[in-house]
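The values are calculated or read from the model by the stated rules, or taken from the named source; none is laboratory data. Remember, predicted model here, so these are calculated numbers, not experimental data. No Cβ is skipped: glycine too gets one built from the backbone with ideal geometry, and neighbour counts run over all protein chains shown.
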Amino acid sequence: MAQRAQLIPIRAHADRIYDIKCCIRPFRTKGPNLGVEQVGDATVIHNYGHHGSGWCLSWGSADMQVQKAMSFAPRKIAVVGSGVIGLTTAVCALRAGMEVTIYTRELLPRTRSYRANGVWGPGTVALASEAQAGLGDIWEQMVRTSWKNFRPYMGMAGSPIAWSEHYELSDTPFDAPPPAPIPMANGDPAPVFYDMGNRISDITSIPEVLTPELNPFPGVKYARHSTKMFWNFSEYGHLLTTEFFARGGKIVMRDFHAPSELAHLPEKVIINCPGYAAHDWWRDKSMIPIRGQTEWLIPQPEVNYGLTYRNVETRSKSDGVMVIQIGPEMFAKSWKNSTEIPNRAEAETAVKVVEELMSRFPTRPA
C-alpha cells in the first residue's frame, strides 16, 4: 500500500541566500542555428540558439555538428565558446579523434550556462511563425542522442547527473482553465512558440496525481508527483573539463568582435558556439534575450526533492538549494530583457513563497 512521503522541510529564509545568478537564455526565433557558412577560407559550423534547453540538447547538438565538421576531414578544429554547448562539442570532437582548441572569453563556471536552472526538460526552441522546416525532427534527434549520452554519468561519485522526486503543488485544480495570455512587459503580444508535441513522451516522466492521504504538503489542496533528472553543475562541469584536457584539448582566452576574425585562426574548420553572444558579435538579430535569475540557498544534502508552487520552483542540489521564479508574469518581465544585474527583491520574493510553504510543516522536536 502506498504511503505518504516523509519530507524534510527546506530551510528557506532570506538570510540563507548565498548567491544570486542571472543569465540570458539564447532564444533564436527560427530555432537553433545549425548551418554552415564560409568566412574567408574558414568553414564555420554554427551551434547556438538553444533557448533554455542547452543542457538538455548539448550532446545531440554536438554530435550533429561534429559529424558535419568531420565531413571536411580536418585534423584540427576550433570551437568558439566554452558554455555547455561549446565544451560538450569540444569533447565530442576529441572523442572523434580531432585536435581541438577552444577560443573563449570565459571558462565554464563564468558562462551563462552555469547560471541556469539545470533540470531536464527540453522545451520549445523557436516561434511557431518562424520555425525552420523539419525543426521537430531535428529537435527530437538532439534530445534522444543527449538522453543516451547522459546515461554514463549517472551513479558516479559526486552525482554529476542525478534524479529526485518532484512535487507540483497548487491551490486550484490542475484542470482549471488556463489564465489569459499576458502581454509582454515591453508591449509585445504573448509569443506563440513552435509546438514540439509528444515526440519524447516515452522518456518523459508522467506526473501522478496524489490523493489527499498521499500529499505530503500540509495546507496544499492539490499535488502531483513525478521524477526529474538534473545536473549538479560543479561535478558535471568538472568531468567535462577534465576529459577535455585529458584528451589533449587546449584553451585560448580570446574575445571576438566580428565574424571576419575567424578567418585568421590557424584552424580552418570552426564550430561556433557563442550562445547569446551571437546577437552582437555574429550580428544575428533573430536572437532574443530572455532573462533568468536563480537564487541559491546554503546546501541541504538531507533534502532530496524539488517542488513547484505559486510560480516558484526549487530543487536541492549538491552546491545549494536552487530557487527560481517561473510562470507567465515572470516570463512577461523576462522577454527581450538583457539585464544581468541580480535583483535581490525578486530573490527574496521567491524564497518567501518556499518559506511560507515550509512553515506549514509541524515543528519537529530538537
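Among the residues examined, G306 does not qualify as crowded, with 19+ Cβ neighbours inside 10 Å, at positive phi and not aromatic (F, W, Y). Within the range 43-62, residues that are surrounded by fewer than 24 Cβ atoms within 10 Å (Cβ to Cβ) reach partners that are assigned to a strand (DSSP E or B) and aliphatic (A, V, I, L, M) with beta carbons closer than 6 Å, at six or more positions or on different chains, in the pairs T43/V269; V44/I270. If the condition is being surrounded by fewer than 17 Cβ atoms within 10 Å (Cβ to Cβ) and either under 12 Å from V80 (Cβ atoms) or in contact (Cβ under 8 Å) with a residue 40 or more places away in the chain (or both), then the range 240-260 contributes E243, R247, G248, K250, V252, M253, R254, D255, S260. Within the range 266-303, restricting attention to residues that are among the aromatic types (F, W, Y) and over 30 Å from S164 (Cβ atoms), the residue that is modelled with the highest pLDDT is W282. Among the listed residues T88, T101, identify the single one that is polar (S, T, N, Q) and either free of Cβ contacts under 8 Å to residues at least 24 places away in the same chain or not in a strand (DSSP E or B) (or both). Every option except T88 fails the conditions. Could you please let me know if I326 is touching a helix residue (DSSP H, G or I) at 6+ places or on another chain (Cβ under 7 Å), surrounded by fewer than 19 Cβ atoms within 10 Å (Cβ to Cβ) and of a type in the set (A, V, I, L, M)? So I326 fails the test. Scanning the range 206-233 for residues that are part of a loop (DSSP other than H, G, I, E, B) and loosely packed, with under 14 Cβ neighbours inside 10 Å turns up I206, T211, P212, E213, P218, G219, K221.
Considering only residues that are in a helix (DSSP H, G or I), more than 20 Å from G121 (Cα to Cα) and either over 24 Å from the mean Cα position of the chain (by Cα) or not hydrophobic (A, V, I, L, M, F, W, C) (or both), which ones fall in the range 41-85? Answer for the range 41-85, where residues must be in a helix (DSSP H, G or I), more than 20 Å from G121 (Cα to Cα) and either over 24 Å from the mean Cα position of the chain (by Cα) or not hydrophobic (A, V, I, L, M, F, W, C) (or both): Q65, Q67, K68, A69, M70. Can you find a residue that is in a strand (DSSP E or B) and touching a helix residue (DSSP H, G or I) at 6+ places or on another chain (Cβ under 8 Å) anywhere in the range 145-165? Looking for residues that are in a strand (DSSP E or B) and touching a helix residue (DSSP H, G or I) at 6+ places or on another chain (Cβ under 8 Å), one finds at least one in the range 145-165, hence yes. The set of residues from the range 224-266 being among the acidic types (D, E), closer than 27 Å to I45 by Cα and under 24 Å from the mean Cα position of the chain (by Cα) comprises E243, D255. Against the list (1) surrounded by 19 or more Cβ atoms within 10 Å (Cβ to Cβ); (2) more than 23 Å from H279 (Cα to Cα), the condition V84 fails is (2).
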